[in-house]
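The values are calculated or read from the model by the stated rules, or taken from the named source; none is laboratory data. Predicted, not measured: the structure shown is a model, and the values here were computed from it. Here Cβ is always computed from backbone atoms with ideal geometry, including for glycine, and neighbour counts include all displayed protein chains. These area figures cover heavy atoms from the full protein model, side chains too; ligands, DNA and RNA do not enter into them. Shrake-Rupley method; radii C 1.70, N 1.55, O 1.52, S 1.80 Å.
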There are 2 protein chains.
Amino acid sequence: MKTRDRIIHAALALFNEHGEPNVTTNHIAADLGISPGNLYYHFRNKEQIIHCIFDQYAIDLKVSFEPVDVAEAIEASLLRYLDAVFLLMWRYRFFYANLPDILRRDAALQNKYLAVQTQLQVNISQIMINFRDAGLLALADVDLKVLADTLKLVASSWISYQTTQVAGAKITQTVIYHGVQQMLNIVRPLATELGQQRVTTLQHYYLEQEQQYLEQQQKITNSEL
Amino acid sequence: MKTRDRIIHAALALFNEHGEPNVTTNHIAADLGISPGNLYYHFRNKEQIIHCIFDQYAIDLKVSFEPVDVAEAIEASLLRYLDAVFLLMWRYRFFYANLPDILRRDAALQNKYLAVQTQLQVNISQIMINFRDAGLLALADVDLKVLADTLKLVASSWISYQTTQVAGAKITQTVIYHGVQQMLNIVRPLATELGQQRVTTLQHYYLEQEQQYLEQQQKITNSEL
DNA sequence: GTCTATACACTGATAGAC
DNA sequence: GTCTATCAGTGTATAGAC
């Protein structure tokens, strides 16, 4: 792998592990066993590294939220949406953990972020509308918008919120699975009877996913003994 | 006012104005026209200042959320709760804007915060239960808990979330009023018909409050011309 | 209580040799 | 492309005079 890519890769891992504000360019260089000078040969500054990571995030997001195929089943689209939310939250968790800070420091990045978010808002609203048209939700337009906004807020804030609510607050996949469950919990009481069934099915699915993840972690722990 | 108190006061104002991470002890001292050394005579470090501000916050919170009088009308308790949420979010907005960061740096503060939050959680759940017992909400226990959690998350994350979603993102009372409206919007579709009426009444009330605030701002702007 | 001066640690960033 | 060396800037915190 090229040094430039290795830097991006290491930076993402370190940011996720220790939090972006705690990771300096010196740390990144040290982690890779290269000199700070070398890092600055490849990047003008730390912000530029974050920009590159964000660009990758934006691409991942775009791919995950490709316009919904009309033929695609409603549940499939919601599943795909939630899977994407989960994956992105996990892969770029440092970002979700420090969003306000990172964006405040960098107006250019904030603009990029807003553009991405606007598109996301459109997509999530469309999913809600499809959901209603399929008779799974029975909500007025206003309430549908409120729901979409709430879900977006929960998705955006979940990791950050969890770090404040739990003491040692290490971000694990379990934390994120609980976020997905919370989102489904919010939708459920607003759904029609049919919709509630579908939501419950999804919740069981994610409960299983979480279970599998935990068992896998257990195996790893055991094999280390 | 004693210098110590003046420091706390100035620090809170500067934190709210510029964001806690952007305000150094030097800034605080300069703002008061005292020397940095003098500031450090009164406080061991910046963290201690934040601790003092937090203690004040905790007291304000405790006062606002005194156990609900059984005789108190349901709407009155909700109104009191929302007014308190609004006032605290406004008075200590720097805290809501940077919670994860501030708590991560200071384990002692996080413990204080968790203790306060636990109590808050109990109170908000009780309000929900009262709300249901009065026939304003028709929700199962599980859904009631989800609702309480969601409202707490929205309240905690609102300011921080708004700073990411809007470009220049200055925190104004309007932003916070919108947060209160969003909370009520979340409750409304879950309420009984009677409950929806009450929620709508509250929403009108806060819309008026916001309007009054805006008119007042307008007056100030005009008088400056 | 308050000031001036300064030490200390650390980050981001650059210059110039190899 | 990569390294060593180093600088300027900044923020926290302390020492000692007044």
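Observations on the model:
- Residue within region B:37-49 that is in a helix (DSSP H, G or I), without any contact (Cβ under 8 Å) to a residue 24 or more places away in the chain and more than 12 Å from DNA strand D (Cβ to nearest atom) present: no
- Residue count for region B:189-217 under the criterion of being within 14 Å of another protein chain (Cβ to nearest Cβ) and among the aliphatic types (A, V, I, L, M): the result is 3.
- When region A:153-189 is filtered for residues that are of a type in the set (Lys, Arg) and at pLDDT below 95, only A:170 remains.
- When residues in region A:157-188 are screened for being at the interface with chain B (Cβ under 9 Å from one of its Cβ atoms), β-branched (Val, Ile, Thr) and closer than 15 Å to residue A:82 by Cβ, 1 of them pass.
- When residue A:7 is tested against (1) free of Cβ contacts under 8 Å to residues at least 40 places away in the same chain; (2) within 13 Å of DNA strand D (Cβ to nearest atom), just one condition goes unmet, and that condition is (1).
- Number of positions in region A:40-54 that are surrounded by fewer than 16 Cβ atoms within 10 Å (Cβ to Cβ) and under 26 Å from residue A:148 (Cβ atoms): 0
- Residue A:210 meets the conditions (1) surrounded by fewer than 16 Cβ atoms within 10 Å (Cβ to Cβ); (2) more than 26 Å from residue A:144 (Cα to Cα) in every case but one. The failed one is (1).
- Filter result for residue A:163 (part of a helix (DSSP H, G or I), in contact with a helix residue (DSSP H, G or I) (Cβ under 8 Å, 6 or more places away or on another chain), in contact (Cβ under 8 Å) with a residue 60 or more places away in the chain and surrounded by fewer than 20 Cβ atoms within 10 Å (Cβ to Cβ)): no
- Residue satisfying all of: in region A:1-13; open to solvent by 20 Å² or more (accessible area, probe 1.4 Å) and either within 12 Å of DNA strand C (Cβ to nearest atom) or not aliphatic (A, V, I, L, M) (or both); nearest to the other protein chains (Cβ to nearest Cβ) among these: A:9
- Residues satisfying the stated conditions in region B:14-36, i.e. open to solvent by 30 Å² or more (accessible area, probe 1.4 Å), more than 14 Å from chain A (Cβ to nearest Cβ) and within 11 Å of DNA strand D (Cβ to nearest atom): B:24, B:26, B:27, B:30, B:35, B:36
- Of all residues in region A:23-63 being touching a Ser or Thr at 6+ places or on another chain (Cβ under 9 Å) and among the β-branched types (Val, Ile, Thr), the one that is nearest to DNA strand C (Cβ to nearest atom): A:49
- Note on region B:136-156: residues that are touching a residue at least 60 places away in the same chain (Cβ under 8 Å) and either at the interface with another protein chain (Cβ under 9 Å from one of its Cβ atoms) or among the acidic types (Asp, Glu) (or both) total 1.
- Of the helices (runs of 4 or more DSSP H) lying entirely inside region A:80-135, those containing at least 1 residues that are within 11 Å of another protein chain (Cβ to nearest Cβ) and open to solvent by 40 Å² or more (accessible area, probe 1.4 Å) are A:99-104, A:107-133.
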